Amino acid sequence: MKKKFLISIWADPSNYINLLFLINFLIKKNYEIILNYIDNLYNKFTNITNQEKPSLKQLIYILVCLLSFEIQETLKAKTTMKFFTFLNEINNVIEFLNELSVKKNNPKYYNHNYYNRASVYNRFIFPFFVSLCELTYFNNEDIESDKIWTRGVIFNSEITSPSNYRSLKSLDEWLKKNKIVGITGLDTRNLTNYIRDKGAPKGTISNDKKGNFNIKKLINMSLKWPGLKGLDLAEEVSTKKIYKWKGLKTWVKGKGYQKTTKKVYKIIAIDYGIKKNILRYFSNYNCEVVVVPCNYTSNQILKLKPQGIFLSNGPGDPAATGKYSIKIIKELIKKNLPIFGICLGHQLLALALNAKTKKMKLGHRGANHPVKNLVNNKVEITSQNHGFEVVKESLPKNVEITHKSLFDKSIEGIRLKNKPVFSVQYHPESNPGPQDSHYLFNEFIKDVKKYAKKKRY
């Protein structure tokens, strides 16, 4: 028996030839396609049932939207306003088409940038469809990097089915696609207590279908791993070539990612493992952002004529990355350029200012860390993920501590007293996490604006 795919059409679609590929894909997978036009405008078109090759004339009018689990409630709605609860589902279509490699196979027709969120959401009241097959995919929009960099994941329980209405794929499917090993059935609370008391342990995740494990070999494998100290991971995760950020702003419900319409300031972001939401925040402030590799020289950076420098987050030991980055940052500081650093960028800035860093016993992980702003005497709830810290006693006199952790009093922010240079240890860009510290981007842009007219080049 064929699985059925019911599609109901609403509004006046045009230029949706891309959706041909989605329909053709479903037909190839032996789905029965049933079209139902709920606008009188389309009554002249007949339903397509069990049709192997729908005509271009018929399919070009099809606008498809993946439905959330609230279909029954939608069917009861008497006004079109109810459909606005599903505006974000257009993103699902876009990413689904991308999953099918439409761009690769049909470059003439597929253009992701064509789906400008502003125009799409303003022009259409989207349709819905019910599929009796399961089409649950993970969400590409919330990915903060081009790939998963973690080596493995540990869970207490089995991964459940996704419940978020924006989900496009389950976590399990996503991990498998990216070949990330995972293990379930561990007492993660007990493991957390162990880490709290004794620090982060080394470990190996191994699988054998027959259950034949060489425990001694696995233990030795774990013990031989050198750990993060002395390890430069920034060079591994950094972009290999310079590129311009595409100008997408931070995500807004009902609108998605919109593009900045103007670019006022030029920011050079040094990529030590940068998160995309940082770039989106710069777009919010009408910045043109150029991302460069972590080992890009100061001369190469200055040739780009930046008005501000951003030092990104990233993994590994800052002292190891500092072997080449310290010199670069020092030379940029001399140019009186506004500089803003986050996480690893914060640690590297401190090293460039002749301070020191050290490995923490526990590190800071989570989205609920209280940090005191020593400038305005306010407390911010922050998102953190780091295992190294700046040594307080090593800071020179021209560096001011601006933020400190209320958990362990460790340094969470610094700034240079006589230059527009500052950094924080935590993640003000959220995704995930609280939004208490978004103001830091505004502070940086104020510095950029203030120093923009200074002649440097």
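If I histogram all Cα-Cα distances within segment 237-390 using bins 10 Å wide from 0, what percent of pairs lands in each bin?
With a bin width of 10 Å, the distribution comes to 10, 36, 36, 16, 1.
List, in the order given, every pair from K179/K266; K323/K417; K216/K392 whose Cα-Cα distance in the structure shown is over 30 Å.
K179/K266; K216/K392
Which pairs break 32 Å Cα to Cα here: K169/K409; K356/K419; K246/K419; K359/K455?
Flagged as over cut-off: K169/K409; K359/K455.
Residues with amide H under 5 Å of D271's amide H, sequence separation 5 or more or different chain, H placed in the peptide plane at 1.01 Å from N; which?
Hits under the 5 Å cutoff: V292, C294.
Taking Rh as the Kirkwood radius, which is the inverse of the mean 1/r over Cα pairs, what is the Rg/Rh value for segment 126-282?
1.03
Bin by bin, in steps of 5 Å, what percent of the Cα pairs in segment 142-224 do you find, going until the bin that has the longest distance?
All Cα pairs considered, the percentages come to 3, 10, 16, 21, 21, 16, 8, 4, 1, 0.
Given the pairs K176/K202; K335/K372; K275/K446, which span a C-alpha to C-alpha distance of over 28 angstrom in this model?
Beyond 28 Å between Cα atoms: K335/K372.
Going highest first, how would you order 191-200, 343-352, 402-411 by mean Cβ packing within 10 Å?
343-352, 402-411, 191-200
Scan around V421 for amide H atoms under 5 Å from its own, H built in the peptide plane at 1.01 Å from N, and keep only partners 5 or more places away or cross-chain.
I339, L416
Bear in mind that the values in this text are calculations on the coordinates, not laboratory data. Keep in mind the model is a prediction, meaning the values are calculated, not measured. Note that we place each Cβ from the backbone using ideal geometry, even for glycine, and neighbour counts take in every protein chain shown.
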